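FYI, it's all coordinate maths here, none of it is from the lab. What you see is a predicted model, and the numbers here were worked out from it, not measured in a lab. Cβ: placed from backbone, ideal geometry, glycine included. Neighbour counts: every protein chain shown.
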Amino acid sequence: MPTLERRLEQRAWRALRELRGLRGPRTEDIFERRQVLGPDDFEVENYPRRKPLAAFNPGAVLVGRTVYIFPRLVFDYYSYTSSIGVVSLGIEELLSGEFARPLRARIVLWPQTRWEAVKGCEDPRVTFADGHFRVLYTGVGKPEDAEEMPTGTRYKAVLGYAELDPSLNVTRKGYFCVHGGEERLVPGNKDSALIQLNGRRATLLTRPSFRSARLRLSSRGPFRREKLPDMCWRAEADLEEFTIPADSLRPVLSPEAWEYKIGWSTNTVRVGEDEYLVGWHGVLREDLSYRNGLALVDGGGNLRAVSDYVLAPRGLPEEYGDRSLTIFGNGLVVYKDLLVWIGGISDYGIGVFVTELSEAFRVLRRI
């Protein structure tokens with residue numbers, strides 16, 4: 001194993017010991033349900049197939065009084081290859097439900113490169129800065145290191161980045177690798193969000209995956225194999241070179257004992273002086289559900305406060321779909337005194353969830 005990957009895995013194992021105990025298993029759902037958007041509520045205008053089979057896990061960003069929603073679109077059951085579209089409408093219309101359906105959508109990101117060519121473009125988190133839409137997303141294909149992947153592995157999920165001009169045309173895109181000394185690593189990566197931008201430099205929240213495992217004592221036998229679970233990290237990035245310095249990668253939130261894994265769910269929104277609100281998700285061992293919480297980070301991605309679960313699937317529209325019992329990402333918006341979570345439901349549709357911003361701060365515990 002390369003020294004760089006081993007070093008990062010050691011950081012993750014240490015975080016698994018040191019960062020547990022920040023959260024409890026309690027769920028206090030603080031969000032009101034406002035809208036459900038199914039795939040029939042979208043009509044795609046720039047692709048021969050007008051109706052997607054699924055429209056879910058949307059990025060979202062508020063520009064003035066217009067909210068831009070970037071749904072992940074799937075048109076084929078068997079390969080489940082994804083693209084990313086966009087629709088826009090007034091924030092008041094979205095909250096009230098007083099808008100015409102179907103919403104007219106346009107595909108803006110689709111598989112065009114080797115590193116997107118197997119399963120496509122997934123799960124965007126969107127930031128609007130300097131007049132451009134900046135999108136972190138998951139590209140699923142065969143990146144440069146595909147030849148070094150384990151035998152039988154057909155593809156890898158990498159952290160993609162795209163810039164879109166004010167007309168929502170892609171001006172550049174690429175995927176990130178980690179640099180450390182003379183070594184270069186392309187980890188599996190997704191669930192990422194920008195915090196601050198300073199020219200070509202950015203701080204971000206990210207979720208790299210590693211293959212490390214170890215043997216541990218078990219009540220079911222003398223040993224069991226424990227795989228390193230996914231967790232939430234912070235990092236710095238060069239948006240021109242698509243690189244992340246290894247020394248900047250640090251875990252900030254780890255799975256608790258009752259969870260298989262956790263990851264960042266949404267984009268970040270600034271809510272105070274050097275304070276940014278972001279959603280995260282955990283996958284429960286009890287029922288395999290995806291439940292969500294909130295965290296407060298500073299501009300460097302350091303954890304300042306965290307909640308227990310505050311948004312969980314309930315009822316038929318949210319619990320049943322291609323991936324049941326799931327609310328996942330991806331858009332977080334602050335409008336007046338409201339926090340609006342625009343998220344995927346069970347890998348088929350989109351829910352619009354609303355709470356007062358004061359409620360979000362109430363459930364956060366300072367670290």
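Is the stretch 218-367 rounded, prolate or oblate when judged by the Cα gyration tensor, a ≥ b ≥ c being the square roots of its eigenvalues, rounded requiring a/c under 1.5 and prolate requiring a/b larger than b/c?
Oblate shape, in that a/c is at least 1.5 and b/c is the bigger or equal ratio.
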- request: Give, in nm to one decimal, the length gained when the segment between Arg50 and Arg172 is fully stretched (0.36 nm per residue of separation minus the Cα-Cα distance).
  value: 41.3 nm
statement: Contour minus Cα-Cα span, Arg33 to Arg304, at 0.36 nm per residue, comes to 94.8 nm
- prompt: Between Asp130 and Glu43, what is the label-to-label distance in nm when each label sits 7 Å out along the Cα-to-Cβ direction?
  reply: 3.8 nm
- request: Can you give me the three principal axis dimensions of the stretch 1-120 from its C-alpha atoms, in Å, biggest first?
  value: 52, 41, 30
query: Which longest run of the chain has no exposed loop site in it, a site being chymotrypsin sites (Phe, Trp or Tyr not before Pro) in a DSSP loop with at most 11 other beta carbons within 10 Å, and the site itself not part of the run?
result: 79-367
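Roughly how many debye, to the nearest 20, is the charge dipole of the chain about its Cα centre, given +1 on each Lys and Arg Cβ, -1 on each Asp and Glu Cβ, and no other charges?
It comes to approximately 1060 debye.
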Full-stretch length increase - Thr243, Arg114 - with 0.36 nm per residue and alpha-carbon distance subtracted: 44.6 nm
statement: Going residue by residue through the stretch 283-299, the Karplus relation 6.51 cos²θ - 1.76 cosθ + 1.60 with θ = phi - 60° gives ³J(HN,Hα) values, rounded to whole Hz and with x marking Gly or Pro, of 9, 7, 5, 4, 9, 6, 6, 9, 10, 10, x, 10, 9, 10, 10, 8, x
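Using a/c under 1.5 as the rounded threshold, could you call the stretch 172-301 rounded, prolate or oblate? The axes a ≥ b ≥ c are square roots of the C-alpha gyration tensor eigenvalues, and prolate needs a/b larger than b/c, oblate otherwise.
Numbers: a/c = 2.57, a/b = 1.43, b/c = 1.80.
Oblate, since a/c reaches 1.5 and b/c is not below a/b.
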- request: For each of Ser212, Ser96, count neighbouring Cβ atoms within 10 Å of the residue's Cβ, then give the residues from fewest to most.
  value: Ser96, Ser212
- prompt: Given R₀ = 41 Å, FRET efficiency for Leu288-Arg104 by Cβ-Cβ distance, to 0.05?
  reply: 0.70
- request: Note down the relative contact order for the chain as a percent, whole number, built from C-alpha pairs under 8 angstrom at least six residues apart.
  value: 18 percent
query: Between Val269, Pro245, Ile195, whose Cα lies farthest towards the positive end of the dipole of the stretch 169-299 when Lys and Arg beta carbons carry +1 and Asp and Glu beta carbons carry -1, centred on the Cα centre?
result: Pro245
